[in-house]
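K.L.:
Submitted below is the structure of interest, expressed as C-alpha cells.
The values are calculated or read from the model by the stated rules, or taken from the named source; none is laboratory data. Note that the structure is predicted; figures quoted are calculated from it, not measured. Virtual Cβ from ideal backbone geometry, glycine too; neighbours counted across all protein chains shown.
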Amino acid sequence: MIIKPLETKPDRSVLFKGVFLVTIITTGILLDKIFLKKSQDIPSILGKTQEIKLQTQEKMVKKIQESDLINDSIKKAEEVGGTILGEATNTINKLTSDAGSFVSDVIYNSSIGKVVDQIDKLPKDQQEKIREQICK
C-alpha cells in the first residue's frame with residue numbers, strides 16, 4: 001500500500017522573495033559597474049580636472065553610503081534573505097520528516113505488519129501464548 005502525501009498548493013511567496021533578492025543583487029552589481037566605469041573614464045587635463053572630479057565622486061559615494069535608503073534596502077535584503085533561508089530550511093525539514101515517516105511505514109508493513117497478520121490468523125489460545133512470550 002503506497003501512501004500519497006496530501007497535495008498542497010505551491011507556496012509562491014518563496015518564489016517572489018527569491019526574485020526580489022536576485023533583483024536587488026543584480027541592481028547592486030549594475031550600479032557598481034556604472035560607478036566603476038565612470039571613475040575610469042575621467043579625463044585628465046593638467047591634473048586639475050581629475051582631482052576635482054575624484055573629490056566630487058568621493059563626496060557622492062559617501063552620501064550614497066550614508067543614505068538611509070541604502071541602509072534600509074540592505075537591512076530589508078538581509079531580512080528577505082533570512083526569510084528565504086528559513087522557508088528553505090522548513091521545507092527541507094518537512095520533506096525529511098515525511099520521508100522518514102514513509103520509510104518507517106514501509107518497513108512496518110513489509111516486515112512486522114505481516115507477522116502480526118499471521119498471528120491474528122492463529123486460534124485465540126495460540127495468540128495468547130505468543131503474546132505472553134513477547135511480553136516477557
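K.L.:
Can you find a residue that is modelled with pLDDT under 75, within 22 Å of residue 89 (Cβ to Cβ), in a helix (DSSP H, G or I) and not hydrophobic (A, V, I, L, M, F, W, C) anywhere in the stretch 6-17?
P.N.:
Looking through the stretch 6-17, at least one residue is modelled with pLDDT under 75, within 22 Å of residue 89 (Cβ to Cβ), in a helix (DSSP H, G or I) and not hydrophobic (A, V, I, L, M, F, W, C).
K.L.:
Filter the stretch 39-86 down to residues that are part of a helix (DSSP H, G or I) and in contact with a Ser or Thr (Cβ under 7 Å, 6 or more places away or on another chain) and give me whichever is modelled with the highest pLDDT. Outline the logic, then answer.
P.N.:
Looking only at the stretch 39-86, we keep the residues that are part of a helix (DSSP H, G or I), and these are 39-40, 48-66, 68-86.
Filter once more, keeping what is in contact with a Ser or Thr (Cβ under 7 Å, 6 or more places away or on another chain): 50, 57.
Values: 50: 52, 57: 73.
Result: 57.
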